[in-house]
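Inspection log for the structure reproduced underneath, given as structure tokens.
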Amino acid sequence: MIEVHELTKRFDGTTAVDRLTFTVRPGQVTGFLGPNGAGKSTTLRLILGLNAPTGGTALVDGRPFRDRPRGLRHVGALLDAHVVHGGRTASAHLRVLARSNAIPRRRADEVLEEVGLSAAADRRIAGFSLGMRQRLGIAAALLGDPPVLLFDEPVNGLDPEGVLWVRGLFRRLAAEGRTVFVSSHLMSEMENTADRLVVIGRGALVAAEGVAEFAARGRRPSVVVRTPDPDALAVLLSAEGATVRSEAAGRMAVTGLTASQVGRVAAAGGVVLEELAARASSLEEAFVEMTGDRVQFTAGGER
């Protein structure tokens with residue numbers, strides 16, 4: 001279990017983490033979301049004792065992680081797949097980590113096989129692709145067979161097969177009773193993988209709850225419609241106060257009216273509909289709605 005209480009970190013007068021309080025429990029995958037610059041990576045570093053907090057506490061199974069001399073037996077983490085010695089082979093890298101944590105040498109071979117890198121065990125890491133480095137970082141996190149695992153953007157650089165593999169791995173680790181905490185900016189991955197979410201913005205907590213609960217927070221009437229006369233339908237719907245947005249494959253997304261209301265408007269206006277369906281609010285829509293006023297960096301600059 002990970003317990004964060006009133007956790008705060010300031011850098012030169014800038015507050016990166018602002019009195020965060022949340023709990024990550026075993027037996028489930030908890031997603032960690034926030035806009036760019038929200039303080040996710042800093043929070044993970046504070047949990048791992050890589051940065052000292054300005055205030056508050058971060059405990060792993062009741063103790064600060066830095067108090068554990070053989071840390072990989074308690075927590076496995078992937079923060080940056082690039083932070084490895086490129087001149088070492090994958091096998092040598094893992095064996096050094098194993099030796100420093102009193103982990104059996106054979107464990108390096110076991111985790112390389114688990115992440116699909118057995119064939120590259122004797123290759124130098126400098127020649128690895130980003131996807132291979134991510135797999136190596138996951139192998140290092142699994143090395144000590146720890147009960148708690150933290151991952152920062154673990155699917156970056158992975159191909160579709162690799163993404164499916166990671167998704168299944170996280171679900172299996174949680175099913176084994178481990179604590180799995182995953183930071184990601186990919187809403188689709190969180191929808192498919194996470195059981196619960198911790199969402200922050202500008203270093204402060206926005207929500208800590210189940211995925212479905214969070215998605216429902218941003219729920220607004222949304223309807224998908226397709227017609228051979230989209231311009232006419234858009235005019236009719238706009239006159240009723242709806243917002244209409246074009247989508248792929250000739251579809252339109254309508255907010256502000258229910259599906260039955262859209263159908264009645266189209267029928268009254270003599271517009272033929274080829275498709276009409278209500279659409280549930282997505283995690284991404286809820287995320288944008290709930291964190292929109294906490295975005296630090298935007299396409300138009302900083303705000």
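Since every read-out is calculated from the coordinates, none of them should be taken as a lab result. These numbers were taken from a predicted model, which means no experiment stands behind them. Positions of Cβ are generated from backbone atoms using ideal geometry, with glycine treated the same way; all protein chains shown enter the neighbour counts.
Given an 8 Å cut-off on Cα distances and at least 6 residues of separation, report the relative contact order of segment 1-134 as a percent. With pairs under 8 Å counted, the relative contact order is 21 percent.
Report, to the nearest 10°, how far helix 259-268 tilts away from the longest principal axis of the Cα atoms in the chain, using its own Cα long axis and a range of 0 to 90°. Helix 259-268 sits roughly 30 degrees off the main axis of the chain. For the listed peptides 75-85, 57-67, a ranking on the average number of other beta carbons within 10 Å per residue, highest first, reads 75-85, 57-67.
Measuring nothing but how far apart in sequence close Cα pairs (under 8 Å, 6+ apart) lie, relative to its length, the chain scores a relative contact order of 21 percent. Taking every Cα-Cα distance in segment 222-279 and sorting them into 10 Å bins starting at zero, the pair-distance distribution P(r) comes out as 27, 67, 6 percent. Residue by residue, segment 41-48 carries 3J(HN,Hα) couplings of 5, 4, 4, 4, 5, 5, 4, 8 Hz when phi is fed to the Karplus relation 6.51 cos²θ - 1.76 cosθ + 1.60 (θ = phi - 60°); x denotes Gly or Pro. Placing R0 at 45 angstrom, the Cβ-Cβ distance between Asn156 and Arg217 gives a FRET efficiency of 0.95 after rounding to 0.05.
For segment 250-258, backbone phi angles converted through the Karplus equation (6.51, -1.76, 1.60; θ = phi - 60°) give residue-by-residue couplings of x, 8, 10, 9, 10, 10, x, 9, 7 Hz, Gly and Pro being listed as x. Relative contact order of segment 222-279, taken over Cα pairs closer than 8 Å and 6 or more residues apart, is 52 percent.
Applying the criteria of a DSSP loop state and at most 13 other Cβ atoms within 10 Å to the GluC sites (Glu not before Pro) of segment 247-278 yields Glu247, Glu274. Cβ crowding within 10 Å, taken as a proxy for footprinting-reagent exposure, orders Ser183, Ser188 from fewest neighbours to most as Ser188, Ser183. The slack in the chain from Glu6 to Arg88, taken as 0.36 nm per residue of separation less the alpha-carbon distance, amounts to 25.5 nm.
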